[in-house]
Amino acid sequence: METTYIQTSDGKAKVEWWPEEKFRNRATEVFTAETYERISVPDDVILCDFCNITIEEFPVPVVWGTHALCKPCLEKMSK
Ligand SMILES: [Zn+2]
């Protein structure tokens, strides 16, 4: 996985370029006293965490290890 850095208004931010496989099999696990539930996150829907558009190009830039970004938002973030 490629890692790059962008210069933002808050300083340097690390950008990880995630391949499609890294978004597969994501799930949210919900535990209560008696139940256990695994809620799958659809594999084919990757949304930009900043503007909510669907990202269809791979690899996807992910900042801070958690936030997927579309290309226009990545450009907006870079100074
Ligand atoms: Zn965006």
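A few notes on this one:
- Amide H contacts under 5 Å for residue 55, placed H, 5+ residues apart: 46, 47, 48
- Overall Cα dimensions of the stretch 2-77, principal axis frame, Å, largest first: 48, 25, 23
- Counted by Cβ distance under 11 Å from residue 70, the other residues give a net charge of -2, where Lys and Arg count +1 and Asp and Glu count -1.
- CD proxy at 222 nm, helix term only [per DSSP H run n ≥ 4: -39500 (n - 2.57); per residue of the chain; nearest 500]: -2000 deg cm²/dmol
The numbers here are math on the coordinates, done by the rules we state, and not lab data. The structure presented is a predicted model; accordingly, all values stated were derived computationally and were not measured. Note: ideal-geometry Cβ built from the backbone for every residue, glycine included; neighbour counts use all protein chains shown.
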